[in-house]
1. Take L192 and decide whether it is surrounded by 14 or more Cβ atoms within 10 Å (Cβ to Cβ), outside any strand (DSSP E or B) and within 12 Å of the ligand (Cβ to nearest atom).
2. Return yes or no: is I60 among the hydrophobic types (A, V, I, L, M, F, W, C) and either within 19 Å of G293 (Cβ to Cβ) or at pLDDT 95 or above (or both)?
3. (1) within 16 Å of the ligand (Cβ to nearest atom); (2) within 17 Å of the chain's Cα centre (by Cα); (3) in a helix (DSSP H, G or I); (4) aliphatic (A, V, I, L, M): which one isn't true of A134, the others all being true?
4. Do the conditions hold for N116, that is, is it of a type outside the set (G, A, S), assigned to a loop (DSSP other than H, G, I, E, B) and at pLDDT 95 or above?
5. Taking the residues in the stretch 200-227 that are of a type in the set (D, E) and more than 14 Å from the ligand (Cβ to nearest atom) as candidates, determine which candidate is most open to solvent (accessible area, probe 1.4 Å).
6. Test M158 against the criterion of being open to solvent by less than 20 Å² (accessible area, probe 1.4 Å) and either within 15 Å of the ligand (Cβ to nearest atom) or part of a helix (DSSP H, G or I) (or both), and give yes or no.
7. Consider the stretch 26-79. How many of its residues are more than 16 Å from the ligand (Cβ to nearest atom), open to solvent by less than 60 Å² (accessible area, probe 1.4 Å) and part of a helix (DSSP H, G or I)?
8. Based on what the data block shows, is G232 more than 16 Å from the ligand (Cβ to nearest atom), without any contact (Cβ under 8 Å) to a residue 24 or more places away in the chain and open to solvent by less than 10 Å² (accessible area, probe 1.4 Å)?
Amino acid sequence: MAETTNNGEIDLLLGRMKSATAPLRGTLQELHARFAPLTEGKVADYIPELAKADPNWFGISIITTDGQVFEVGDCKHSFTIQSISKPFVYGLALEELGLEPVMARVGVEPTGEAFNSIVLDEVSNRPFNPMVNAGAIATSDLIGGKDFPERVTRMISMFGRYCGRPVHIDNSVFLSERMTGHRNRAIAHLMLNFGIVSPRLDEALELYFQQCSVLVTAHDLAMMAATLANGGVNPVTGERAIPQKYVKYLLSIMHSCGMYDYAGEWAFRVGIPAKSGVGGGILAVVPGVLGIGIFSPPLDAKGNSVRGVHVCRELSEQFGLHSFESGFAGSSIKNQFSAQRAPR
Ligand code: GLU
């Protein structure tokens, strides 16, 4: 477990919490030990490369908005980001085009449909939101650049800004996605029929397969989440990853649509914006305070990491992280807390 410099500081950052009785470092060790033996869930195998994951891999990373790191387990192990890429590429599209042009192509309504369903809004013909595959492919289509390599570079360097290091694509997973991605092609062609995506359809799909194949670690996910928690600025490098005015849109869409068909119950029980992916990652954001990254490949029936959901539910409960936790003063005034005034 990585050491933090100042455990009092996290208590301060989490000023609204019950955490005075549950120090973060010890809590992470306890949660890792408690949930590591779980055998529920199944590693995704619909993309052959993903089936190679070891169900025992398990890492939990938390990074605060002032860059403190709390980690336990396999936090340096690389895996593919998969659908966790979706809010970030959406953010890039917002940055490049602005809100209304993006809204004209992709809605923001939750859908009870599966993430890969071949369904569009019957009135607008738009995908329902950018967290389902249709919306993500339409979003990828919006990423600009003079040619395909430049579009890929923009997308990859955007992830690099969030992670605070250059990122790379797992070529085997990318090829596996591409080989098996017929359903995504069907979705893209339906959208082309309605003029929702441009005729550069093949590029949009390639971009989408590539974004899903970006290699990250649990530490990276926590850093990406901490960057969003920090208003779009990476707390360690100080580099801005996205203009601040768009951060709220990413968090909103993660809050309502980020956890597949568990999104409603997640918002109800855990209450923080999050996104998961079939590689076993979960990224969750406590705005103004910290980012959480979890990696554990076995998925539940809804497609979320079994251990990841358990850990987030516990963290939310123990530290009072739910957005609507009674007494939560809101991130914008967290700086008003002092060590003396922090609730005990
Ligand atoms: N590459 C995946 C697909 O399109 C993304 C799945 C996910 O993580 O939800 O099937």
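1. Values: surrounded by 14 or more Cβ atoms within 10 Å (Cβ to Cβ): yes; outside any strand (DSSP E or B): yes; within 12 Å of the ligand (Cβ to nearest atom): no.
So L192 fails the test.
2. Judged against the criteria, I60 is a match.
3. (2)
4. Considered against the rule, which asks whether it is of a type outside the set (G, A, S), assigned to a loop (DSSP other than H, G, I, E, B) and at pLDDT 95 or above, N116 comes out as no.
5. So, considering only residues that are of a type in the set (D, E) and more than 14 Å from the ligand (Cβ to nearest atom), the one most open to solvent (accessible area, probe 1.4 Å) is D202.
6. In short, yes.
7. Looking only at that region, the number is 6.
8. It is true that G232 is more than 16 Å from the ligand (Cβ to nearest atom), without any contact (Cβ under 8 Å) to a residue 24 or more places away in the chain and open to solvent by less than 10 Å² (accessible area, probe 1.4 Å).
The values are calculated or read from the model by the stated rules, or taken from the named source; none is laboratory data. Note that the coordinates shown come from a computational prediction; the quantities given were computed from them, not determined experimentally. FYI the Cβ positions are ideal-geometry reconstructions off the backbone, even for glycines, and counts take in every protein chain you see. When the accessible area is computed, the model is the full protein with side chains, heavy atoms only, and any ligands, DNA or RNA have been set aside. Shrake-Rupley method; radii C 1.70, N 1.55, O 1.52, S 1.80 Å.
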